Every structure is written in C-alpha cells, then in structure tokens.
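The values are calculated or read from the model by the stated rules, or taken from the named source; none is laboratory data. Because the structure is predicted, anything quoted here is derived from the model rather than measured. When we count neighbours, we look across all protein chains shown, and the Cβ atoms used for this are built from the backbone with ideal geometry, even at glycine.
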Amino acid sequence: MGNLLKEKSIERNGDILAGSGCRFRMIKCGKWRGLADPKLVDRVGIEGLTVHLEETMMRGEVLKNGSKSHVSHTTLGGRDVVIKGYRHLGLLHSLRHTLQGSRAKRSWFTAHRLRRLAVPTPTALAYLDEYRRGLLWRSFFIYDYVAGSELYVVLNDPAVPGERKRRLIDRVMVVLKRLSEGGISHGDLKHSNMICTGDDVSFIDLDAMRPAFGPDFLKRYRLEKDRARFFRDLEPFR
C-alpha cells in the first residue's frame, strides 16, 4: 500500500491552530486522508490508523453505539485513547460531508482551537477520512482519554458537596464566556458532553461547535443560547 506522509506545523487558512511547535503528519494513503500526531504514526504505522482501526475499537470498551456514530475507549500505540467513528449514512450524507468536511475533521481542528483558547479538552491525536469513489464514506476522530465523571453524574450525586457543584457550574460559565470571546459557539451543551476532573471541566464531543464570528450582539445571543441549553439540563438539580 503506497502512502504519502508530510509533516508540518498545524496551519489552516493562515491560522496556527495549536500554537508554535505543534506538528502533525498528513496522511494520504489509498482511500484514506487525514492528519495525525507523528509519534502515534511512528508507533502504530499507517495501517494501524486506517485498515486496522475498527479492530482496535472492537477490542476496547464501547462507550456509545448509535445510529450515527460509535465510540470506543481503547489503547492505541500504548496510549489510552477514545476513538469516535462516524458512520456512513447514505449517498446524500456522503456528498454533503465531502463538500463540507467530515465531522471528525471538524472535531480535530476545533480541539486545537480550544486548546489555544485555554479551554480544557482532550488532546486531539488524529482524524482519518475514508473515501470511496471520490466521496467521503466514513471518518474517525482519535483523542486522549480523560479520566473523570460526566458532569450530570457529579451533579446528581448526593455525596458530592454543594460547594463543589457550584464551583463546577461557575467553571462552565467562565469557559462559555471564553469560547464566545474566541469566536466559538458550543451548540450542544449537554452535561454528558463535559467531563469533571477535580474542579475543572473538560469539553468533549466537539463536532457541534461552530464559529461564532460577527457583531458583539450576535456573539452575546449565541452565548446566551449556550447558557440556556446548559441551565435547561441543570433544572433537575436545583
């Protein structure tokens, strides 16, 4: 299987997404395209990130097995990771994401933007897109596993002190403001999309995030919309 690997700083539309010194490998191998952490590529090889990726997922712990995606917590190249696979959902779906870019690719770039904004999120290790007959068929997003409990679990636990719950909620509000100032709207602020590690909150499931550039009043509107979504799930705990 032939392959083409290129290594350079993460750059897209003139914007360095992950800060100086961060590098990736560009993967162009048969029907596969993507970006990956160089150390991960060296450890598992191109086939480990492409043709054998589903086998690796099946050996792990299934976190989600839905109609649109499947998520597995597993080990890849000696690293504790999560692999999120986005399923093929038909010709029109493939055509749309061929033109717009895959959800895995979107998650990869969003993760680097968040880290540049000092928003806690797992380290993005790779995204891989599989093409068939020129159309995007399916894609995979790989990121470091973050040990912790989902926010809704912590808020629903009577053993957790109320003071800690308030600190976590306040932390989310700070991060939402930081996202808004950085030109990002979350779009899917469910409590299950946040992992608690101590008194910090790490944001996962990034493919719903969108650029939120525009006038200040529009940014404020999107920020309030994200806040309202967050507090809607908070009602049962009040």
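So the values come out like this:
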read-out: Scope the stretch 75-93; condition surrounded by 15 or more Cβ atoms within 10 Å (Cβ to Cβ) and farther than 14 Å from residue 140 by Cα; matching residues; value: 77, 79, 93
read-out: Residues (of a type in the set (Val, Ile, Thr) and not in a strand (DSSP E or B)) located in the stretch 113-149; value: 119, 121, 123, 146
read-out: Residues satisfying the stated conditions in the stretch 29-62, i.e. loosely packed, with under 14 Cβ neighbours inside 10 Å, touching a residue at least 12 places away in the same chain (Cβ under 8 Å), under 24 Å from residue 192 (Cα atoms) and not charged (D, E, K, R); value: 58
read-out: Which listed residue is modelled with pLDDT under 90, over 13 Å from the mean Cα position of the chain (by Cα) and farther than 21 Å from residue 207 by Cβ, from 167, 133, 79, 96; value: 133
read-out: Selection count where residues are in a helix (DSSP H, G or I) and of a type in the set (S, T, N, Q), scope the stretch 150-167; value: 0
read-out: Residues being under 22 Å from residue 147 (Cα atoms) and assigned to a helix (DSSP H, G or I) - total across the stretch 74-112; value: 6
read-out: Residue satisfying all of: in the stretch 63-74; of a type in the set (Gly, Ala, Ser) and modelled with pLDDT under 90; surrounded by the most Cβ atoms within 10 Å (Cβ to Cβ) among these; value: 69
